[in-house]
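Remarks on the structure that follows.
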Amino acid sequence: MDEKMDTKKQIMDIAEDLLLDRGYNGFSYKDISGVLNIRNASIHYHFPQKTDLGVAIIQRATHRFQKWATHIDSKELPCSKKLDEFCLIFKKFVKEKQVCLGGALQTDYKTLPEDMQKEAQFFLARTLQWLESFLADGRKKGVFNFPGSAADQALLTIASLQGAIQIVRVTSPASFDATVKQIKRYVCA
(Lines give C-alpha, C1' and ligand atoms only; values in the text may rest on other atoms or scores of the structure.)
Protein backbone atom coordinates (compact mmCIF):
# COMPACT_ATOMS: atom_id res chain seq x y z
CA MET A 1 0.00 0.00 0.00
CA ASP A 2 1.45 3.36 -0.89
CA GLU A 3 2.09 5.94 1.80
CA LYS A 4 -0.72 8.31 0.69
CA MET A 5 -3.31 5.51 0.84
CA ASP A 6 -1.95 4.35 4.18
CA THR A 7 -2.25 7.88 5.60
CA LYS A 8 -5.75 8.22 4.18
CA LYS A 9 -6.82 4.93 5.76
CA GLN A 10 -5.27 5.93 9.10
CA ILE A 11 -7.16 9.23 8.99
CA MET A 12 -10.42 7.40 8.29
CA ASP A 13 -9.78 4.81 11.02
CA ILE A 14 -9.05 7.44 13.66
CA ALA A 15 -11.96 9.63 12.58
CA GLU A 16 -14.33 6.66 12.67
CA ASP A 17 -13.19 5.74 16.19
CA LEU A 18 -13.72 9.34 17.29
CA LEU A 19 -17.12 9.47 15.63
CA LEU A 20 -18.22 6.27 17.38
CA ASP A 21 -16.91 7.52 20.69
CA ARG A 22 -17.90 11.20 20.62
CA GLY A 23 -20.24 11.68 17.67
CA TYR A 24 -19.58 13.66 14.48
CA ASN A 25 -19.68 17.02 16.24
CA GLY A 26 -17.36 15.82 19.01
CA PHE A 27 -14.09 15.80 17.09
CA SER A 28 -12.07 17.95 14.72
CA TYR A 29 -9.15 17.56 12.36
CA LYS A 30 -6.94 18.71 15.23
CA ASP A 31 -7.90 15.56 17.17
CA ILE A 32 -6.91 13.39 14.21
CA SER A 33 -3.68 15.25 13.45
CA GLY A 34 -2.64 14.98 17.10
CA VAL A 35 -2.95 11.19 17.08
CA LEU A 36 -1.09 10.84 13.75
CA ASN A 37 1.43 13.56 14.57
CA ILE A 38 0.75 15.30 11.25
CA ARG A 39 -0.46 18.77 10.31
CA ASN A 40 -4.12 19.52 9.63
CA ALA A 41 -3.11 20.38 6.06
CA SER A 42 -2.21 16.72 5.54
CA ILE A 43 -5.76 15.73 6.45
CA HIS A 44 -7.20 18.43 4.18
CA TYR A 45 -5.13 16.98 1.34
CA HIS A 46 -7.14 13.74 1.55
CA PHE A 47 -10.41 15.21 2.81
CA PRO A 48 -10.79 18.92 1.94
CA GLN A 49 -13.86 19.25 4.20
CA LYS A 50 -14.90 17.32 7.28
CA THR A 51 -18.04 16.41 5.32
CA ASP A 52 -15.86 14.59 2.78
CA LEU A 53 -14.34 12.57 5.59
CA GLY A 54 -17.75 11.81 7.10
CA VAL A 55 -19.15 10.67 3.75
CA ALA A 56 -16.11 8.45 3.16
CA ILE A 57 -16.55 6.81 6.58
CA ILE A 58 -20.22 6.05 5.93
CA GLN A 59 -19.53 4.74 2.43
CA ARG A 60 -16.80 2.48 3.78
CA ALA A 61 -19.17 1.16 6.47
CA THR A 62 -21.88 0.55 3.85
CA HIS A 63 -19.38 -1.37 1.75
CA ARG A 64 -18.26 -3.40 4.80
CA PHE A 65 -21.87 -4.28 5.63
CA GLN A 66 -22.70 -5.25 2.07
CA LYS A 67 -19.59 -7.45 1.96
CA TRP A 68 -20.60 -9.02 5.30
CA ALA A 69 -24.18 -9.60 4.05
CA THR A 70 -22.97 -11.23 0.83
CA HIS A 71 -20.63 -13.47 2.81
CA ILE A 72 -23.24 -14.49 5.40
CA ASP A 73 -25.87 -15.10 2.71
CA SER A 74 -23.47 -17.40 0.85
CA LYS A 75 -23.02 -19.62 3.92
CA GLU A 76 -25.32 -22.54 4.60
CA LEU A 77 -26.09 -21.48 8.17
CA PRO A 78 -29.35 -21.95 10.05
CA CYS A 79 -31.38 -18.74 10.32
CA SER A 80 -30.86 -18.64 14.09
CA LYS A 81 -27.09 -18.68 13.57
CA LYS A 82 -27.33 -15.88 10.99
CA LEU A 83 -29.32 -13.87 13.53
CA ASP A 84 -26.52 -14.48 16.04
CA GLU A 85 -23.97 -13.29 13.49
CA PHE A 86 -25.98 -10.11 12.86
CA CYS A 87 -26.13 -9.39 16.59
CA LEU A 88 -22.37 -9.94 16.85
CA ILE A 89 -21.85 -6.94 14.56
CA PHE A 90 -23.32 -4.81 17.35
CA LYS A 91 -21.62 -6.74 20.16
CA LYS A 92 -18.26 -5.57 18.80
CA PHE A 93 -19.21 -1.99 19.71
CA VAL A 94 -20.07 -3.07 23.25
CA LYS A 95 -16.58 -4.56 23.58
CA GLU A 96 -15.01 -1.35 22.22
CA LYS A 97 -17.22 0.82 24.50
CA GLN A 98 -18.50 2.74 21.49
CA VAL A 99 -21.82 3.21 19.80
CA CYS A 100 -22.45 1.78 16.34
CA LEU A 101 -22.17 4.03 13.31
CA GLY A 102 -25.92 4.04 12.72
CA GLY A 103 -26.57 5.10 16.31
CA ALA A 104 -23.93 7.82 16.17
CA LEU A 105 -25.24 9.21 12.90
CA GLN A 106 -28.86 9.06 13.95
CA THR A 107 -28.10 10.93 17.17
CA ASP A 108 -26.31 13.72 15.25
CA TYR A 109 -28.59 13.53 12.20
CA LYS A 110 -30.13 17.01 12.42
CA THR A 111 -26.71 18.64 12.61
CA LEU A 112 -25.03 16.55 9.89
CA PRO A 113 -24.27 18.11 6.50
CA GLU A 114 -26.81 17.15 3.83
CA ASP A 115 -24.37 14.83 2.00
CA MET A 116 -23.81 12.89 5.20
CA GLN A 117 -27.54 12.74 5.90
CA LYS A 118 -28.09 11.13 2.50
CA GLU A 119 -25.31 8.59 3.10
CA ALA A 120 -26.68 7.85 6.59
CA GLN A 121 -30.12 7.22 5.07
CA PHE A 122 -28.61 4.89 2.48
CA PHE A 123 -26.58 3.02 5.13
CA LEU A 124 -29.65 2.46 7.30
CA ALA A 125 -31.81 1.53 4.29
CA ARG A 126 -29.29 -1.10 3.18
CA THR A 127 -29.08 -2.58 6.66
CA LEU A 128 -32.86 -2.65 7.12
CA GLN A 129 -33.35 -4.06 3.62
CA TRP A 130 -31.06 -6.98 4.34
CA LEU A 131 -32.56 -7.61 7.79
CA GLU A 132 -36.14 -7.43 6.50
CA SER A 133 -35.38 -9.89 3.71
CA PHE A 134 -33.59 -12.22 6.11
CA LEU A 135 -36.45 -12.13 8.63
CA ALA A 136 -39.06 -12.69 5.92
CA ASP A 137 -37.08 -15.67 4.62
CA GLY A 138 -36.79 -17.11 8.13
CA ARG A 139 -40.53 -16.73 8.64
CA LYS A 140 -41.23 -18.39 5.27
CA LYS A 141 -39.02 -21.34 6.32
CA GLY A 142 -40.93 -21.62 9.62
CA VAL A 143 -37.86 -20.78 11.71
CA PHE A 144 -39.05 -17.32 12.73
CA ASN A 145 -42.46 -16.46 14.09
CA PHE A 146 -43.01 -12.82 15.02
CA PRO A 147 -46.08 -10.60 14.96
CA GLY A 148 -46.38 -7.90 12.32
CA SER A 149 -44.40 -7.47 9.15
CA ALA A 150 -40.76 -8.33 8.57
CA ALA A 151 -40.12 -4.61 7.99
CA ASP A 152 -41.57 -3.79 11.42
CA GLN A 153 -39.51 -6.53 13.06
CA ALA A 154 -36.36 -5.29 11.31
CA LEU A 155 -36.95 -1.80 12.75
CA LEU A 156 -37.59 -3.20 16.22
CA THR A 157 -34.46 -5.35 16.05
CA ILE A 158 -32.19 -2.50 14.93
CA ALA A 159 -33.69 -0.10 17.46
CA SER A 160 -33.25 -2.66 20.25
CA LEU A 161 -29.62 -3.37 19.39
CA GLN A 162 -28.72 0.30 19.02
CA GLY A 163 -30.53 1.17 22.22
CA ALA A 164 -28.82 -1.64 24.10
CA ILE A 165 -25.43 -0.32 23.00
CA GLN A 166 -26.35 3.08 24.46
CA ILE A 167 -27.64 1.57 27.70
CA VAL A 168 -24.44 -0.47 28.13
CA ARG A 169 -22.51 2.79 28.38
CA VAL A 170 -24.13 3.40 31.79
CA THR A 171 -24.87 -0.18 32.89
CA SER A 172 -22.93 -3.28 31.89
CA PRO A 173 -22.47 -5.57 28.87
CA ALA A 174 -25.07 -7.85 30.43
CA SER A 175 -27.72 -5.34 29.28
CA PHE A 176 -26.76 -6.01 25.67
CA ASP A 177 -26.79 -9.78 26.16
CA ALA A 178 -30.24 -9.58 27.77
CA THR A 179 -31.51 -7.55 24.80
CA VAL A 180 -30.21 -10.11 22.30
CA LYS A 181 -31.81 -12.88 24.35
CA GLN A 182 -35.17 -11.08 24.19
CA ILE A 183 -34.86 -10.46 20.44
CA LYS A 184 -34.28 -14.16 19.90
CA ARG A 185 -37.22 -15.09 22.14
CA TYR A 186 -39.41 -12.72 20.21
CA VAL A 187 -38.30 -13.74 16.72
CA CYS A 188 -37.53 -17.47 16.86
CA ALA A 189 -40.42 -19.91 16.56
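The values are calculated or read from the model by the stated rules, or taken from the named source; none is laboratory data. Worth saying up front: this structure is predicted, and the values here are computed from it rather than measured. With ideal geometry, Cβ positions are generated from the backbone for all residues, glycine too; neighbour counts draw on all protein chains shown. Accessible surface areas use protein heavy atoms only, side chains included; no ligands, DNA or RNA. Shrake-Rupley method; radii C 1.70, N 1.55, O 1.52, S 1.80 Å.
Brief remarks on what is shown
Yes/no per residue for (1) within 13 Å of the chain's Cα centre (by Cα); (2) open to solvent by 60 Å² or more (accessible area, probe 1.4 Å):
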site: PHE134; (1), (2): no, no
site: GLY138; (1), (2): no, no
site: GLY148; (1), (2): no, no
site: ASP152; (1), (2): no, yes
site: ILE165; (1), (2): yes, no
site: ARG169; (1), (2): no, yes
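- Taking residues in segment 162-189 that are touching a residue at least 24 places away in the same chain (Cβ under 8 Å) and outside any helix (DSSP H, G or I), and partners anywhere that are of a type in the set (S, T, N, Q) and open to solvent by 70 Å² or more (accessible area, probe 1.4 Å), the pairs with Cβ atoms closer than 9 Å and at least 6 places apart or on different chains are CYS188/ASN145; ALA189/ASN145.
- Scanning segment 95-104 for residues that are under 15 Å from ASP17 (Cβ atoms) and assigned to a helix (DSSP H, G or I) yields LYS95, GLU96, LEU101, GLY103, ALA104.
- Any hit, segment 51-71, residues being among the polar types (S, T, N, Q) and in contact with a Pro (Cβ under 8 Å, 6 or more places away or on another chain): yes
- Applying the set (1) under 23 Å from PHE134 (Cα atoms); (2) assigned to a helix (DSSP H, G or I); (3) open to solvent by 70 Å² or more (accessible area, probe 1.4 Å) to ILE89 leaves exactly one unmet item: (3).
- When SER80 is tested against (1) among the hydroxyl-bearing types (Ser, Thr, Tyr); (2) touching an Asp or Glu at 6+ places or on another chain (Cβ under 8 Å); (3) modelled with pLDDT under 95, exactly one condition is not met: (2).
- For the residues GLU114, GLU119, the requirement of being surrounded by fewer than 16 Cβ atoms within 10 Å (Cβ to Cβ), over 29 Å from SER175 (Cα atoms) and among the acidic types (Asp, Glu) singles out GLU114.
- Across segment 64-79, the qualifying residues are those that are part of a helix (DSSP H, G or I) and either among the acidic types (Asp, Glu) or open to solvent by less than 40 Å² (accessible area, probe 1.4 Å) (or both), and the one among them that is farthest from MET116 (Cα to Cα) is CYS79.
- Single match in ASP52, ASP108 (criterion: in contact (Cβ under 8 Å) with a residue 40 or more places away in the chain and of a type outside the set (S, T, N, Q)): ASP108
- Qualifying residue in segment 164-173 (condition: touching a Cys at 6+ places or on another chain (Cβ under 9 Å) and farther than 22 Å from PHE65 by Cα): no
- Of the residues screened, GLN153 is not one that is within 28 Å of ASP13 (Cβ to Cβ) and out of contact with any His (no Cβ under 6 Å at 6 or more places or on another chain).
- Criterion: open to solvent by 30 Å² or more (accessible area, probe 1.4 Å), assigned to a helix (DSSP H, G or I) and either in contact with a Lys or Arg (Cβ under 8 Å, 6 or more places away or on another chain) or of a type in the set (Val, Ile, Thr) (or both) - qualifying residue of THR107, THR127: THR107
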